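The values are calculated or read from the model by the stated rules, or taken from the named source; none is laboratory data. Keep in mind that this is a model prediction, so the values were computed, not measured. FYI the Cβ positions are ideal-geometry reconstructions off the backbone, even for glycines, and counts take in every protein chain you see.
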Amino acid sequence: MAVLETAAADGRADYSRRQPDMIVRHATPLDVPAIEALVEHSIAALLPADLDDAEVAASRHIMGVDRELVGDGTYLTVWSGDTLVACGGWSRRATLFGGDATAGRNSRPLDPKTEPARVRAMYTHPDFTRQGLGRLILTRCEAEAAAAGFTTVELAATRSGAHLYKAAGYEPVEDWYEPTPDGVGVPLTRMRKSVG
């Protein structure tokens, strides 16, 4: 995927990447409605390949938009014209997964010397899967986390997402079923990768 490098006014890379009809940039609060729509579309269309109906429904309790990532400037979006086709980010905070309403959030800053950064909230439009967009965002997240001083990153992978992360060099650490208010456990895998 050929991209044109650009830089912010202060000389730092801003990851505004261009290719024919595609732009990658950091999310702003104005993007939240488009992100919410993409999250729902992705859950409804992609999770049923790996989860049953009850698990898909329960997943909505532990997935979604995290406005803290947008506010921190660590959430990326990929646009094809006016259509949001992929998004995902990384975090220097302790929360491992989930959206604004997910239980157990923890905004404590992580110590880059002793703790891994988090890769968070990766979603792809169902019409744009298997085009390298997830890998593109993942690579950008890893580079930004490394530039912030982190030497490892970790994430909580859904069954469908685990395929991408394994191909990108992430190693499984533990599997568990995350409880939800529906009384259904959603299968997740903690995965980790060295980036420094």
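Taking (1) over 10 Å from Val119 (Cβ atoms); (2) buried (at least 22 other Cβ atoms within 10 Å of the Cβ); (3) in contact (Cβ under 8 Å) with a residue 60 or more places away in the chain; (4) not charged (D, E, K, R) in turn, Gly134 satisfies each apart from (3).
Among the residues of the stretch 137-155, none qualifies, meaning not one is surrounded by fewer than 18 Cβ atoms within 10 Å (Cβ to Cβ) and in contact (Cβ under 8 Å) with a residue 60 or more places away in the chain. If you go through the stretch 117-131 and keep only what is farther than 23 Å from Ala57 by Cα and surrounded by fewer than 22 Cβ atoms within 10 Å (Cβ to Cβ), you end up with Arg130, Gln131.
Which of the residues spanning the stretch 112-135 are β-branched (Val, Ile, Thr), in a loop (DSSP other than H, G, I, E, B) and at pLDDT 95 or above? Can you show your working first?
So the first thing to find is which residues in the stretch 112-135 are β-branched (Val, Ile, Thr), and the list is 114, 119, 124, 129.
Those left that are additionally in a loop (DSSP other than H, G, I, E, B): 114, 129.
The one that is β-branched (Val, Ile, Thr), in a loop (DSSP other than H, G, I, E, B) and at pLDDT 95 or above: Thr114.
Name the single residue that is nearest to Ile62 (Cα to Cα) among those in the stretch 149-196 being aliphatic (A, V, I, L, M) and part of a loop (DSSP other than H, G, I, E, B). Per the stated criteria, the residue is Val184.
Within the stretch 166-188, the residues that satisfy the criterion of being surrounded by 13 or more Cβ atoms within 10 Å (Cβ to Cβ) and touching a Gly at 6+ places or on another chain (Cβ under 9 Å) are Ala168, Glu178, Pro179. Applying the set (1) closer than 29 Å to Pro179 by Cβ; (2) modelled with pLDDT of 90 or more to Thr102 leaves exactly one unmet item: (2).
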